[in-house]
Amino acid sequence: YELSNLREGTILTISDEPTDLSYDPFSICNPDWTININSSDLIVEEGTFDINNNELKISIKSSDNETLMEQSGEGVIGGRIDKKEVFKLKKEPSSSINPNDTAYGDDLNRQIISTFGEPNQWIDDLDNTQKQNLSTLRSKAKENYFKKQKASLVLNEYNGVSSDNYLKLNGSDSYFGQIEGNGGSWMELVVTRSHLNLHNAKLIIKNSCNQIFSAKLPEFTSLGYLREGSILTISDEPTDMTYFPFSPYSDDWKLNINIDDLQEKSGTFRLDGNMTTISIVREDGQKIRLSTSGEGVGDDILDNQEEIYKLKANPDRYISPYNINYGDDNDGQAISTFGAENRWLDENGTLKIQKMILRENDNLNETGGIDISNNPDLSSLKDTESLLYIPQNDSLWIADDDGHQVFEMDFTTHEVKSKFTDVDLGTFTNGDINDHCNSSYEGVCDIEEIAYKENSDTLYIFAGHSRGTPSIFKLSRENIDDKFSIESYRKLDSNTEYPSAIVIDNDLIVSIGKSLYKYDYETNSIDSLPLFTIDDDVGEIVGLAYLDNILWVTTLGEHRLIKVNWSSKNIEHIYKMTNNGVSDPRGVEIIDNKLYIVDGNDNVEPHHVLKHAIHIYQVPN
């Protein structure tokens with residue numbers, strides 16, 4: 001097994017020494033990059049294992065005859081070594097070296113240096129002893145190992161200042177100022193992959209390879225679903241789980257856990273010791289959240305107890321613990337930034353500040369959001385499907401699929417002004433549709449969309465067939481300040497549903513799959529030919545918004561936002577919403593020249609700010 005997954009920089013020997021298959025190249029404390037196979041353990045097909053000075057040629061092939069090492073050795077370069085010499089490569093090994101390389105040979109009448117199982121050594125023309133450097137190969141192997149871990153956190157900073165010291169050279173912290181101990185032991189982490197759940201994740205701290213502390217992170221609601229770019233600190237400061245991660249440049253991307261709120265603590269939480277390492281794994285230990293990081297991963301960097309260990313680069317998911325930009329403030333004044341973007345002086349003395357590019361969307365400008373999950377008037381909401389804004393009375397309508405209800409919310413105050421449920425809608429039909437959504441999903445169980453005709457002040461509520469009775473309800477009112485009342489309904493064929501709908505130029509338009517059709521409520525029918533069809537593999541249409549000849553479309557499955565020129569029916573742009581903060585784009589609306597897109601993701605902690613959140617973006621040109 002050990003031979004089936006060898007890493008770059010490994011030294012494999014075949015000899016008369018005992019077989020040694022111990023192999024742990026990525027151990028922080030005792031890295032083992034060597035394997036030895038005793039020649040008697042080889043499966044011999046023919047011949048005798050005899051390494052000598054008779055112009056040997058050595059090659060290795062796989063079991064399926066793939067060449068793993070071309071013929072190499074003294075016999076290839078055409079030179080001779082006598083019975084007292086060693087044949088070796090006298091340069092740094094790499095995949096580009098061929099068997100004819102001029103660096104192969106003996107010690108050229110100089111002192112012979114033999115290094116079984118270790119990097120080669122030799123004496124050069126200036127009588128200096130040279131040693132192979134395997135760091136390039138091994139660094140590459142470490143980086144690849146890190147990438148396969150798919151960690152979701154990066155260590156951004158931790159305080160190495162002891163309790164009786166100040167930051168060196170009169171340094172100060174942007175949060176604590178200039179105080180003894182610089183705020184005590186604290187660490188700062190940056191989330192590099194969205195949807196991160198840190199509930200009960202295990203934190204381990206070691207000094208000089210000896211574990212000094214372990215604990216589990218608490219099940220705070222905000223820790224159950226974190227966006228990339230969030231900053232999490234663990235410190236002596238009060239726990240702060242306020243969290244509103246929408247506009248990339250706001251301060252609401254930061255959370256702090258007080259050390260006392262950690263669970264199942266063992267040992268002492270301390271970060272000012274020697275060669276500190278920090279790691280975090282999922283509760284079951286099967287998934288790495290933070291790869292082992294800190295001073296102890298590389299060189300002994302912090303030269304006293306007055307410094308900060310930090311990342312001097314923009315954090316992202318590709319920053320490994322071995323990154324060359326980790327370190328202290330070198331010989332300059334210590335700059336500390338608890339809970340904020342790191343700062344440092346570059347080699348020219350210019351102040352540099354981290355950019356949280358992780359928070360920025362691919363191609364949309366996010367300006368804010370609306371927290372639905374914590375609105376007490378929406379406590380019964382289960383599954384957001386669509387949005388509709390009626391400016392005449394400043395109402396934002398929200399369709400709730402699994403909750404079988406539709407809310408009218410005051411857009412300014414976020415208070416619910418009215419609500420229609422499956423009971424309200426079903427009862428109106430006098431038994432034609434079940435008066436509630438029962439266990440057999442008979443009734444108005446699958447409320448998916450709302451549409452509004454301004455010229456007649458008419459509201460339409462659409463229910464689907466996914467798990468219910470497909471139908472459309474028409475609502476009206478006496479004047480703009482009144483509440484809507486159900487006026488009539490249309491029952492649809494059991495196999496028909498319209499997941500999205502919109503009124504454009506007084507035409508009611510509905511979607512089926514990737515196409516849009518004109519719908520006539522009076523005849524309860526659609527035109528035979530579609531008005532528009534998306535040919536791209538973008539998923540099915542679930543949300544529609546319209547302004548100034550531009551139709552905005554959200555899709556299910558591929559999570560896209562699509563910009564359509566309605567006159568020409570040409571697609572002008574497609575946005576991947578998973579790269580723009582929304583994992584499940586559903587309803588879309590335009591309000592005050594901004595796009596409002598609701599995230600229908602149900603796999604978020606209850607009462608989490610991102611559960612069913614409405615994300616707000618500038619309308620792109």
**OP:** Over the range 419-557, give the accessible area per residue in Å² for a 1.4 Å probe, as an integer.
**Re:** 45 Å²
**OP:** Let me know the charge dipole size of the range 531-580 about its Cα centre in debye, to the nearest 20, where only the beta-carbon of Lys, Arg (+1) and Asp, Glu (-1) is charged.
**Re:** 140 debye
**OP:** Provide the per-residue ³J(HN,Hα) series for the range 212-224, in order, calculated from phi with Karplus coefficients 6.51, -1.76, 1.60 and θ = phi - 60°, each as a whole number of Hz, with x at glycine and proline positions.
**Re:** 10, 7, 8, 6, 10, 6, x, 8, 5, 3, 5, 7, x
Subject >> Normalised contact order of the chain, rounded percent, pairs of Cα under 8 Å and 6 or more residues apart >> reply: 9 percent
**OP:** Before anything else, pin down the relative contact order of the range 524-621: Cα pairs under 8 Å, at least 6 apart, normalised by residue count, whole percent.
**Re:** 18 percent
**OP:** Rank Thr533, Asn393, Phe420 by how far each Cα sits towards the positive end of the charge dipole of the chain (+1 on Lys, Arg Cβ; -1 on Asp, Glu Cβ) and give me just the farthest.
**Re:** Thr533
**OP:** Provide the packing ranking of 583-589, 461-467, 240-246, 341-347, i.e. peptides ordered by the mean count of other C-beta atoms within 10 Å per residue, highest first.
**Re:** 583-589, 461-467, 240-246, 341-347
Original post:
Can you list residues whose amide H is under 5 Å from Leu56's amide H, if they're 5+ apart or on another chain and H is modeled 1.01 Å from N?
Top reply: Glu74, Gly75
**OP:** Whole number in Å², please: accessible area per residue of the range 81-156, 1.4 Å probe, ligands, DNA and RNA not counted.
**Re:** 62 Å²
Original post:
To the nearest 20 debye, what charge dipole does the chain have about its Cα centre, counting +1 at the Cβ of each Lys and Arg and -1 at the Cβ of each Asp and Glu?
Top reply: 820 debye
**OP:** Counting other Cβ atoms within 10 Å, keep those with at most 10, restrict to DSSP loop, and tell me which GluC sites (Glu not before Pro) in the range 1-105 are left.
**Re:** Glu45, Glu46, Glu66
**OP:** Could you check how much of the accessible area of the chain is carbon and sulfur, as a whole percent, using a 1.4 Å probe?
**Re:** 42 percent
**OP:** Indicate the gyration tensor shape class of the range 1-149 (rounded, prolate or oblate), computed on the Cα atoms with a ≥ b ≥ c the square roots of the eigenvalues: a/c under 1.5 is rounded; otherwise a/b larger than b/c is prolate and the rest oblate.
**Re:** oblate
**OP:** May I ask you to give the solvent-accessible area per residue for the range 180-238, in square angstrom, as obtained with a 1.4 angstrom probe?
**Re:** 29 Å²
Subject >> Pairs of Cα atoms farther than 31 Å apart, the chain, % >> reply: 63 percent
Subject >> the range 37-145: relative contact order in percent, alpha carbon pairs under 8 Å with at least 6 residues between >> reply: 17 percent
Original post:
Does the range 394-504 come out rounded, prolate or oblate by the C-alpha gyration tensor, with a ≥ b ≥ c the root eigenvalues, rounded set by a/c under 1.5 and, if not, prolate when a/b is larger than b/c and oblate if not?
Top reply: prolate
**OP:** Nearest 5 is fine: what % of DSSP beta bridges in the range 165-303 come out antiparallel, could you say?
**Re:** 85 percent
**OP:** Could you list which residues have their amide H under 5 Å from that of Asp107, counting only those 5 or more apart in sequence or on another chain, with H placed in the peptide plane?
**Re:** Val86
Subject >> Cleavage-rule hits, trypsin sites (Lys or Arg not before Pro), the range 1-97, DSSP coil, Cβ neighbours within 10 Å at most 10 >> reply: Lys83, Lys84
**OP:** Take the alpha carbon gyration tensor of the range 444-508, find the square roots of its eigenvalues, order them as a ≥ b ≥ c, and report rounded if a/c is under 1.5; if not, report prolate when a/b exceeds b/c, else oblate.
**Re:** prolate
**OP:** Would you grab the residues whose amide H sits under 5 Å from the one on Gln130? Only those 5+ places off in sequence or on another chain, please, with H modelled 1.01 Å from N.
**Re:** Trp122, Ile123, Asp124
Original post:
Are there chymotrypsin sites (Phe, Trp or Tyr not before Pro) in the range 1-81 that DSSP marks as loop and that have at most 12 other Cβ atoms within 10 Å, and which are they?
Top reply: Tyr1, Phe49
Subject >> Table column - 3J(HN,Hα) (Hz), the range 89-96, Karplus curve with 6.51, -1.76, 1.60, x for Gly and Pro >> reply: 9, 9, 6, 5, x, 7, 6, 8
Original post:
Hey, if we sort Val416, Val297 by accessible area with the 1.4 Å probe, largest down, what's the order?
Top reply: Val416, Val297
**OP:** Could you run the Karplus curve 6.51 cos²θ - 1.76 cosθ + 1.60 with θ = phi - 60° over the range 315-324 and give me ³J(HN,Hα) per residue in whole Hz, x for Gly and Pro?
**Re:** x, 7, 6, 9, 6, 8, x, 8, 4, 5
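The values are calculated or read from the model by the stated rules, or taken from the named source; none is laboratory data. Here the structure is a predicted model, which means the values were calculated and not measured. Backbone-built Cβ (ideal geometry, glycine too); neighbour counts: all protein chains shown. With ligands, DNA and RNA removed, areas are computed over all heavy atoms of the protein, side chains included. Shrake-Rupley method; radii C 1.70, N 1.55, O 1.52, S 1.80 Å.
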